[in-house]
Amino acid sequence: MNTTALSTAEKEGFFSWFHALTGKERRTFWSCKIGYALDAMDTQFLSFVIPTLIATWGLSKGDAGLIGTVTLLTSAAGGWIAGILSDRIGRVKTLQLTILWFAFFTVLCGLAQNFTQLLVARGLMGFGMGGEWTAGAILIGEVIRAKDRGKAVGMVQAGWAIGWGVSALLYALMFSLLPADWAWRSLFLLGILPALFVIFIRRFVDEPEVFVAQQNKVAPQDRASFAAIFAPRMLSTTLRAVLLTTGAQGGYYAITTWLPTFLKTERHLTVLGTGGYLAMVIVGSYVGYIVSAFLTDYLGRKKNFILFATGSMCIALAYTRLPVTDGVMLFLGFPLGFCVSGVFSGMGAFLTELFPTSIRGSGQGFSYNMGRAIGSLFPLMIGMSSQSMALGEAIGVFAGTAYGVMILAALTLPETAGKQLES
């Protein structure tokens, strides 16, 4: 094939948008994607060690659910604060601070000597976990041009599946090499690795031009306050965005926090078997992120949300409640991961487009993380409900309810695909 034909094929490919990025835009893309993957890695360690903590420390499912819920509540607060900070000190500086924060407190989780210490360390880690998503989503959303924003932000979101996969591999490695009492600690101690990535961000990533223009145009004393997202012209948008994110995150955390424990205690799978099932879910998640990233630009934000939320609702109920064989369970793992993760691909771009630049950090940080705060109640409610009903049934009930709320919210919000960001 000659070079002209190759060039034409490249330009017409699915990733032509990436080839069109400048060097600065690519560095921003990779910093956000890798940062999000490292965030996911540190976050997902907990779901893998819950069965070990139950066995070694004698925790109840309610105690384990409380750790998950506290983490999500603090991550909601952290994302909210990071949104405000990103409007004040910048998107890039906020991203650096949040990565350092969650790395440090993940290490402290590995040093915990009892339930209370782990609860406190994990709760503090949550501030950085939530803040990293907010800062990174705003940063990449402002850098990429309108017609490709959904694809780029969705590809960044796919970093979560990569981080989840890495955490699963490290779990299998550590628990095969070390006694359980040491293995779970080693996972959290590896959480220091993201701190090294801050060096790259500090050196190679700049603030988005649209943000810099906004800052230069308005004097510090005249800049919009956080309260502006509750002004009459923005209040309805803010509240509906909260409902949308509540549904997405409530459903996701209902499934991912408890899925490993469900597979081990109710499906009676071995550790190797659990790894196989989770591998299908994780691979499905990555593919779901990628497909949804393209569909959110092609179909529009709203249709894409409704499509993936409906799929998530149906698959989650089937996966946790139908009396299927192990072979069918394995098959259902792929569409489960595909749908529950694909829901998030368009989220960052959509929230970026809903709010003006002057209050984008505050609006995006609040709406996404208030949804996370409400959604964080789902793991706790599932843990408590599992005392009187099967764990799989509890997961199905709460996940189905969450995705129903998401669909209703999506129907009421405006379509924003292709919207130009103004300074």
Self-check item: Subset of the stretch 24-59 [small (Gly, Ala, Ser), in contact (Cβ under 8 Å) with a residue 60 or more places away in the chain and either open to solvent by 10 Å² or more (accessible area, probe 1.4 Å) or in contact with a Ser or Thr (Cβ under 9 Å, 6 or more places away or on another chain) (or both)]
Solution: Gly35, Ala37, Ala40, Ser47, Ala55
Quiz item: Has the stretch 87-99 got at least one residue that is among the β-branched types (Val, Ile, Thr), open to solvent by 60 Å² or more (accessible area, probe 1.4 Å) and under 28 Å from Gly363 (Cβ atoms)?
Solution: yes
Quiz item: Are there any pairs, at least 6 apart or on different chains, whose C-beta atoms fall under 7 Å, with the first in the stretch 357-371 and within 16 Å of Arg233 (Cα to Cα) and the second open to solvent by 10 Å² or more (accessible area, probe 1.4 Å) and of a type in the set (Gly, Ala, Ser), and if so, which?
Solution: Thr357/Ser423; Ser358/Ala224; Ile359/Ala224; Ile359/Ala228
Self-check item: Within the stretch 345-366, considering residues that are open to solvent by 10 Å² or more (accessible area, probe 1.4 Å) and farther than 19 Å from Gly78 by Cβ, the one modelled with the lowest pLDDT
Solution: Ser358
Quiz item: Does Val120 satisfy being surrounded by fewer than 24 Cβ atoms within 10 Å (Cβ to Cβ) and touching a residue at least 60 places away in the same chain (Cβ under 8 Å)?
Solution: no
Practice problem: Grab the helices (runs of 4 or more DSSP H) fully contained in the stretch 123-208, keeping just those with 1 or more residues being open to solvent by 20 Å² or more (accessible area, probe 1.4 Å), touching a Leu at 6+ places or on another chain (Cβ under 6 Å) and of a type in the set (A, V, I, L, M, F, W, C). | Solution: 159-177, 194-204
Practice problem: Give just the number: which of (1) in contact with a helix residue (DSSP H, G or I) (Cβ under 6 Å, 6 or more places away or on another chain); (2) modelled with pLDDT under 90 does Glu209 not satisfy? | Solution: (1)
Self-check item: Out of Arg372, Arg360, sole residue that is farther than 18 Å from Tyr253 by Cβ, part of a helix (DSSP H, G or I) and touching a helix residue (DSSP H, G or I) at 6+ places or on another chain (Cβ under 8 Å)
Solution: Arg360
Practice problem: Could you tell me whether the stretch 367-383 includes any residue that is of a type in the set (Val, Ile, Thr) and open to solvent by 60 Å² or more (accessible area, probe 1.4 Å)? | Solution: yes
Exercise. Kindly establish whether Pro335 is in a helix (DSSP H, G or I) and at pLDDT below 85.
Key: no
Self-check item: Tabulated pairs, the stretch 205-216, first under 12 Å from Ala135 (Cβ atoms), second hydroxyl-bearing (Ser, Thr, Tyr), C-beta under 7 angstrom, 6+ apart or interchain
Solution: Val205/Thr28; Val205/Ser31; Phe211/Thr357
Quiz item: Gly404: surrounded by 24 or more Cβ atoms within 10 Å (Cβ to Cβ), in a helix (DSSP H, G or I), at negative phi and not basic (Lys, Arg), yes or no?
Solution: no
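The values are calculated or read from the model by the stated rules, or taken from the named source; none is laboratory data. None of the values given here were measured: they were computed from a predicted structure. As a convention, Cβ positions derive from the backbone with ideal geometry for all residues, glycine included, and neighbour counts pool all protein chains shown. Calculation scope for accessible area: heavy atoms of the full protein, side chains included, ligands and nucleic acids excluded. Shrake-Rupley method; radii C 1.70, N 1.55, O 1.52, S 1.80 Å.
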